[in-house]
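K.L.:
Submitted below is the structure of interest, expressed as C-alpha coordinates.
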Amino acid sequence: MLERGIAYRKRSRVKLVPEVPTVLATEQVVNGCCWRHEDTLVEPKDIEQWFLRITKYANELLETLHQLEGGWPERVLTMQRNWIGKSRGTRIRFAVDGLTGRVDRSVYDARGYDLWGVSSDPWRPSIHY
(Lines give C-alpha, C1' and ligand atoms only; values in the text may rest on other atoms or scores of the structure.)
Protein backbone atom coordinates (compact mmCIF):
# COMPACT_ATOMS: atom_id res chain seq x y z
CA MET A 1 0.00 0.00 0.00
CA LEU A 2 2.89 2.35 0.77
CA GLU A 3 4.63 1.61 -2.54
CA ARG A 4 1.41 2.19 -4.48
CA GLY A 5 0.76 5.51 -2.75
CA ILE A 6 -2.39 4.30 -1.00
CA ALA A 7 -0.90 4.72 2.50
CA TYR A 8 0.94 7.85 3.61
CA ARG A 9 1.94 9.70 6.79
CA LYS A 10 1.30 13.29 7.83
CA ARG A 11 0.61 15.41 10.91
CA SER A 12 -3.02 15.95 11.65
CA ARG A 13 -5.22 17.03 14.54
CA VAL A 14 -7.00 14.30 16.51
CA LYS A 15 -9.52 14.24 19.34
CA LEU A 16 -7.51 12.68 22.17
CA VAL A 17 -8.85 11.15 25.39
CA PRO A 18 -5.65 11.23 27.51
CA GLU A 19 -6.98 9.03 30.34
CA VAL A 20 -7.67 6.03 28.08
CA PRO A 21 -5.44 6.89 25.89
CA THR A 22 -7.21 6.80 22.54
CA VAL A 23 -8.47 9.09 19.80
CA LEU A 24 -12.10 9.51 18.81
CA ALA A 25 -14.09 10.17 15.67
CA THR A 26 -16.08 13.40 15.60
CA GLU A 27 -19.28 11.43 16.23
CA GLN A 28 -17.81 9.99 19.43
CA VAL A 29 -17.38 13.43 21.03
CA VAL A 30 -20.48 14.65 22.90
CA ASN A 31 -20.37 18.13 24.43
CA GLY A 32 -16.56 18.06 24.39
CA CYS A 33 -16.42 14.73 26.23
CA CYS A 34 -15.95 11.06 25.37
CA TRP A 35 -19.21 9.32 24.49
CA ARG A 36 -18.38 6.38 26.78
CA HIS A 37 -16.94 8.40 29.66
CA GLU A 38 -19.26 11.40 29.82
CA ASP A 39 -17.13 13.33 32.33
CA THR A 40 -13.81 12.78 30.47
CA LEU A 41 -12.77 15.79 28.39
CA VAL A 42 -11.45 15.35 24.87
CA GLU A 43 -8.35 17.37 23.93
CA PRO A 44 -7.23 18.36 20.43
CA LYS A 45 -3.68 17.25 19.63
CA ASP A 46 -1.52 17.24 16.49
CA ILE A 47 0.19 13.91 15.89
CA GLU A 48 1.96 12.13 13.05
CA GLN A 49 -0.34 9.41 11.74
CA TRP A 50 -1.04 7.07 8.86
CA PHE A 51 -3.72 7.79 6.28
CA LEU A 52 -5.27 5.73 3.50
CA ARG A 53 -6.28 7.27 0.18
CA ILE A 54 -9.76 5.81 0.11
CA THR A 55 -11.34 8.28 -2.30
CA LYS A 56 -10.44 6.01 -5.21
CA TYR A 57 -12.50 3.24 -3.53
CA ALA A 58 -15.25 5.37 -1.95
CA ASN A 59 -18.03 4.15 -4.24
CA GLU A 60 -17.17 0.48 -3.67
CA LEU A 61 -16.88 0.98 0.10
CA LEU A 62 -20.24 2.72 0.33
CA GLU A 63 -21.97 0.22 -1.96
CA THR A 64 -20.85 -2.76 0.15
CA LEU A 65 -21.44 -1.18 3.57
CA HIS A 66 -24.97 -2.62 3.61
CA GLN A 67 -23.40 -6.07 4.10
CA LEU A 68 -22.57 -5.04 7.68
CA GLU A 69 -26.14 -3.99 8.54
CA GLY A 70 -27.64 -6.09 11.31
CA GLY A 71 -24.18 -7.10 12.53
CA TRP A 72 -22.87 -3.65 13.39
CA PRO A 73 -24.63 -0.94 15.39
CA GLU A 74 -26.21 1.76 13.20
CA ARG A 75 -24.13 4.50 14.85
CA VAL A 76 -20.94 2.64 13.82
CA LEU A 77 -22.21 2.31 10.24
CA THR A 78 -22.91 6.06 10.26
CA MET A 79 -19.37 6.69 11.45
CA GLN A 80 -18.04 4.52 8.63
CA ARG A 81 -20.11 6.42 6.04
CA ASN A 82 -18.79 9.71 7.44
CA TRP A 83 -15.23 8.38 7.51
CA ILE A 84 -15.44 7.39 3.86
CA GLY A 85 -16.53 10.96 3.31
CA LYS A 86 -18.07 10.74 -0.14
CA SER A 87 -20.04 13.84 -0.99
CA ARG A 88 -21.73 14.89 -4.17
CA GLY A 89 -21.75 18.45 -5.27
CA THR A 90 -20.32 20.82 -7.79
CA ARG A 91 -17.30 23.02 -8.28
CA ILE A 92 -18.28 26.63 -8.91
CA ARG A 93 -16.00 29.27 -10.40
CA PHE A 94 -16.42 32.94 -9.59
CA ALA A 95 -14.80 35.80 -11.46
CA VAL A 96 -13.94 38.51 -8.95
CA ASP A 97 -13.06 42.06 -9.97
CA GLY A 98 -10.64 43.45 -7.44
CA LEU A 99 -7.84 45.89 -6.93
CA THR A 100 -5.38 43.79 -8.93
CA GLY A 101 -7.73 43.03 -11.81
CA ARG A 102 -9.93 40.04 -12.47
CA VAL A 103 -9.25 36.92 -10.40
CA ASP A 104 -10.96 33.53 -10.68
CA ARG A 105 -11.85 31.71 -7.46
CA SER A 106 -13.15 28.17 -7.39
CA VAL A 107 -15.12 26.54 -4.56
CA TYR A 108 -16.76 23.16 -3.98
CA ASP A 109 -20.28 23.07 -2.59
CA ALA A 110 -22.35 19.99 -1.78
CA ARG A 111 -25.52 22.10 -1.55
CA GLY A 112 -25.82 24.57 -4.41
CA TYR A 113 -28.89 26.18 -2.88
CA ASP A 114 -26.57 27.85 -0.35
CA LEU A 115 -25.13 30.06 -3.07
CA TRP A 116 -28.06 32.48 -3.31
CA GLY A 117 -26.33 35.00 -1.07
CA VAL A 118 -22.70 34.54 -2.00
CA SER A 119 -20.66 37.69 -1.58
CA SER A 120 -17.21 38.89 -0.65
CA ASP A 121 -18.97 40.90 2.08
CA PRO A 122 -20.74 38.59 4.59
CA TRP A 123 -23.09 41.44 5.57
CA ARG A 124 -24.22 42.29 2.03
CA PRO A 125 -25.29 39.45 -0.30
CA SER A 126 -24.48 40.21 -3.92
CA ILE A 127 -27.41 38.32 -5.44
CA HIS A 128 -30.96 39.47 -4.76
CA TYR A 129 -34.31 37.90 -5.71
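The values are calculated or read from the model by the stated rules, or taken from the named source; none is laboratory data. Just so it is clear, the structure is predicted and the values come from calculations on it, not from any experiment. When the accessible area is computed, the model is the full protein with side chains, heavy atoms only, and any ligands, DNA or RNA have been set aside. Shrake-Rupley method; radii C 1.70, N 1.55, O 1.52, S 1.80 Å.
K.L.:
Heavy-atom accessible area per residue, the range 1-66, 1.4 Å probe: how many Å²?
P.N.:
Details: 5200 Å² over 66 residues.
Per-residue accessible area for the range 1-66 comes out at 79 Å².
K.L.:
K15: which aspartates and glutamates have alpha carbons under 17 Å from its alpha carbon, excluding same-chain residues fewer than 8 sequence positions away?
P.N.:
E27, E38, D39, E43, D46, E48
K.L.:
For F51 and T64 in the same chain, what is the full-extension length gain: residue separation times 0.36 nm, less their Cα-Cα distance, in nm?
P.N.:
The F51-T64 span can extend by a further 2.6 nm.
K.L.:
Using a 1.4 Å probe, how large is the accessible area of E43, given in Å² and rounded to the nearest 10?
P.N.:
Approximately 90 Å² of E43 is accessible to the 1.4 Å probe.
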